[in-house]
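The values are calculated or read from the model by the stated rules, or taken from the named source; none is laboratory data. Every value quoted in this text rests on a predicted model; they were computed, and no experiment measured them. Glycine also receives a Cβ, built like all others from the backbone with ideal geometry; neighbour counts cover every protein chain displayed.
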């Protein structure tokens, strides 16, 4: 420390000029401040979330009554495909990464991320990919083979026109974005922590961000590879997925779900970090089992790479092989249960201050329990064969992703952004709406209603539950 204040003031001013953004539109475009970039990810993801929500509402109105003609079959295919693609690629993962970009440098005590310009570039790739998807949708060229783009539906034989090409390009943009942000966040956590902050002292949200980023680095190249292979089939005439020429259509499912199942945990693990940050605050005591929660996050990330075939039980995979993935489907519930027990112990031993963020956390417990239990049910091969491609799967997916990600997300918004204020009625609207919308889908699936159909006959007996779901 110098005794003369003048050099200190000068140095501080020079430092402020170095880190300040330039004025005007050019400065706004070129900013590499992690807070600004993180907020851009969050706000843009919320816009895409709203757009996908409108699509979901339109699908529910179409299915509210039998023999509806609100939309036709071709538009409905494009509608559910764009809805699912938006939610998975343009909302859920970018939203969680946006929170990490904003919060992780603050939590580990560094001024900015390790590669701020790369993360700034990643945002523009993300935005371009999203605009590409919605531009294609509004010009009747949006994807129509589902958010998973199965071949041969998305291959050259049946994926006519440019719709499948749009999906492949979107995946390339968004997965490049995800990889760039993941590398940045991983480097920040491993190399830029403040002096004295050991790994064991890191906040649990930082642990969740580290696990998620490492998972993304290993999983996302797989779906980028798969999308480019099917694009080569479509444009160059290769036969990676064409059985008639020695290819394998099931290979697409292996490549996609090796990414697709960990992707559920790209969304879920950061949400667990939100919960672990919020509960100690409103329980007014430190987290019970901090180290156990951190180890559970690591175990969840590791085990998530061993479950992909439980999306493929209806294919011709050997029965013995399926049994291993059934076991893994049950096993991955254990680390999540450990975290839930630690959270309950923290609340039990604390003095609860019941505010809106904690209400969303409690709603998360209820919704996720139903989603987790139906997930264990779907891990059983005989049951999965009965309800595969029915609305039971739709219900399970939405209970897991809304309960496991959106409830914690709203809790985090109320918790970390106090300027975005709200009342408890928003929690109750969302909590009741989610259950009324998606719980009847379990019964519809058990009654045999297939997913991805644009209408159904009155004789099926599905009308009442479909109307209830739409009202929800």
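Could you list, ordered by first residue, the pairs with Cβ atoms under 6 Å in which the first is in the range 348-359 and surrounded by 15 or more Cβ atoms within 10 Å (Cβ to Cβ) and the second is outside any helix (DSSP H, G or I), at least 6 apart or interchain?
350/284; 350/285
So which residues in the range 448-472 are touching a strand residue (DSSP E or B) at 6+ places or on another chain (Cβ under 9 Å) and crowded, with 16+ Cβ neighbours inside 10 Å, if there are any at all?
Scanning the range 448-472 gives 449, 451, 456.
Are any residues in the range 375-398 outside any helix (DSSP H, G or I) and either out of contact with any helix residue (DSSP H, G or I) (no Cβ under 8 Å at 6 or more places or on another chain) or within 20 Å of residue 265 (Cβ to Cβ) (or both), and if so, which ones?
Of everything in the range 375-398, those that are outside any helix (DSSP H, G or I) and either out of contact with any helix residue (DSSP H, G or I) (no Cβ under 8 Å at 6 or more places or on another chain) or within 20 Å of residue 265 (Cβ to Cβ) (or both) turn out to be 379, 388, 389.
So, in the range 296-324, exactly how many residues are part of a helix (DSSP H, G or I) and either more than 25 Å from the chain's Cα centre (by Cα) or touching a residue at least 40 places away in the same chain (Cβ under 8 Å) (or both)?
Residues meeting the conditions: 17.
If you go through the range 90-103 one residue at a time, do you hit one that is in contact with a helix residue (DSSP H, G or I) (Cβ under 8 Å, 6 or more places away or on another chain) and either farther than 25 Å from residue 407 by Cβ or without any contact (Cβ under 8 Å) to a residue 24 or more places away in the chain (or both)?
no
Considering the range 348-358 alone, what residues qualify as being touching a helix residue (DSSP H, G or I) at 6+ places or on another chain (Cβ under 6 Å) and under 9 Å from residue 285 (Cβ atoms)?
Selection gives 350 alone.
Can you tell me which residue in the range 184-198 is nearest to the chain's Cα centre (by Cα), limited to those that are surrounded by fewer than 17 Cβ atoms within 10 Å (Cβ to Cβ), touching a residue at least 24 places away in the same chain (Cβ under 8 Å) and assigned to a helix (DSSP H, G or I)?
Among them, the one singled out is 187.
Residues of the range 218-252 being surrounded by fewer than 16 Cβ atoms within 10 Å (Cβ to Cβ), touching a helix residue (DSSP H, G or I) at 6+ places or on another chain (Cβ under 8 Å) and within 17 Å of residue 308 (Cβ to Cβ), which ones?
Of everything in the range 218-252, those that are surrounded by fewer than 16 Cβ atoms within 10 Å (Cβ to Cβ), touching a helix residue (DSSP H, G or I) at 6+ places or on another chain (Cβ under 8 Å) and within 17 Å of residue 308 (Cβ to Cβ) turn out to be 218, 221, 225.
Here is a list of conditions, (1) without any contact (Cβ under 8 Å) to a residue 24 or more places away in the chain; (2) closer than 24 Å to residue 258 by Cα; (3) in contact with a helix residue (DSSP H, G or I) (Cβ under 9 Å, 6 or more places away or on another chain), and residue 328 meets all of them except one; can you say which number that is?
Condition not satisfied by residue 328: (1).
Using the structure shown, decide if residue 181 is surrounded by fewer than 24 Cβ atoms within 10 Å (Cβ to Cβ), at pLDDT 95 or above and within 19 Å of the chain's Cα centre (by Cα).
It is false that residue 181 is surrounded by fewer than 24 Cβ atoms within 10 Å (Cβ to Cβ), at pLDDT 95 or above and within 19 Å of the chain's Cα centre (by Cα).
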